[in-house]
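Here the structure is laid out as structure tokens; the discussion comes afterwards.
The values are calculated or read from the model by the stated rules, or taken from the named source; none is laboratory data. Only a predicted model underlies this, so the values are computations on that prediction, with no experimental measurement involved. Cβ atoms come from the backbone with ideal geometry, glycine included; neighbour counts cover every protein chain shown. We work out accessible area using only protein heavy atoms, side chains counted, and drop any ligands, DNA or RNA first. Shrake-Rupley method; radii C 1.70, N 1.55, O 1.52, S 1.80 Å.
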Amino acid sequence: MSSGDDGARERRFRCVHAATYPDLLRFVQRRVPPSEAEDVVSTVFLTAWRRLDDMPEDARPWLFAVARRTMANQTRSWLRRQALDVRLVAQDEPAYGDGTVDAAARIDLDRAWRGLRPDDREVLALVAFDGLTTGQAATVLGCRRSTFAMRLSRARERLRAALEPAAVRPHALTVLKEQQS
């Protein structure tokens, strides 16, 4: 391989790293203890460098899939945590009115979220928190787009059902939809 090829490879890697690092770090931080997130992301980019020729043009879902597999491999050492547990993202300032209603809606949403199966939380998080399209999220999970769409639809229905007894159900769903935007 010539040094010109090496330079092009390095430029591609640097571009992919710069474009995807923040999203990948957030993706990982929601799933592992904070002290481990940087190590996971470093491992993902090491894999990306080694497999640069295998990386598709749209590298983001591919990197998320590598991160997901890396985390799955490391869960054996994280016995104190549930595998790939997604935590709700705290917002600095609510985007809507009364703080009392906001707190109640967040409590309802948090309770409903924690009551979901880990697979449902993962599917919802890929879309709501990570901003992936259905096709990209399907790539991360290693399934077909139609399969992912069905899983997403079912997860949303289970979340709605979990929120059903809550008095603030419509408001709590608005919180989740706003996080998707």
Exercise. Within the set of pairs 6+ apart or on separate chains, which have a first residue in region 154-173 that is surrounded by fewer than 17 Cβ atoms within 10 Å (Cβ to Cβ), a second that is at pLDDT below 55 and part of a helix (DSSP H, G or I), and C-beta atoms under 8 Å apart?
Worked result: R160/R169
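Among the helices (runs of 4 or more DSSP H) lying completely within region 79-167, list those that include at least 1 residues that are at pLDDT 90 or above and under 20 Å from R69 (Cβ atoms).
118-128, 134-141, 145-163
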Exercise. Taking interchain pairs and intrachain pairs at least six residues apart, which have beta carbon atoms under 6 angstrom, with the first residue in region 55-67 and free of Cβ contacts under 8 Å to residues at least 40 places away in the same chain and the second open to solvent by 10 Å² or more (accessible area, probe 1.4 Å)?
Worked result: M55/W62; P56/W62; V66/T47
Problem set entry | Among (1) open to solvent by 60 Å² or more (accessible area, probe 1.4 Å); (2) more than 15 Å from M55 (Cα to Cα); (3) in contact with a helix residue (DSSP H, G or I) (Cβ under 9 Å, 6 or more places away or on another chain); (4) among the hydrophobic types (A, V, I, L, M, F, W, C), the one test that A18 misses | (3)
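Conditions (1) buried (at least 16 other Cβ atoms within 10 Å of the Cβ); (2) more than 14 Å from the chain's Cα centre (by Cα); (3) of a type outside the set (S, T, N, Q); (4) modelled with pLDDT of 95 or more, marked per residue:
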{"position": "M1", "(1), (2), (3), (4)": "no, yes, yes, no"}
{"position": "D5", "(1), (2), (3), (4)": "no, yes, yes, no"}
{"position": "A8", "(1), (2), (3), (4)": "no, yes, yes, no"}
{"position": "R14", "(1), (2), (3), (4)": "no, yes, yes, yes"}
{"position": "P22", "(1), (2), (3), (4)": "no, no, yes, yes"}
{"position": "S35", "(1), (2), (3), (4)": "no, yes, no, no"}
{"position": "V41", "(1), (2), (3), (4)": "yes, no, yes, yes"}
{"position": "V44", "(1), (2), (3), (4)": "yes, yes, yes, yes"}
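Hey, can you tell me all the residues within region 126-153 that are of a type in the set (D, E, K, R) and surrounded by fewer than 19 Cβ atoms within 10 Å (Cβ to Cβ)?
In the first step, residues of region 126-153 are kept if they are of a type in the set (D, E, K, R); the result is 130, 144-145, 151.
Residues satisfying the conditions are R144, R145.
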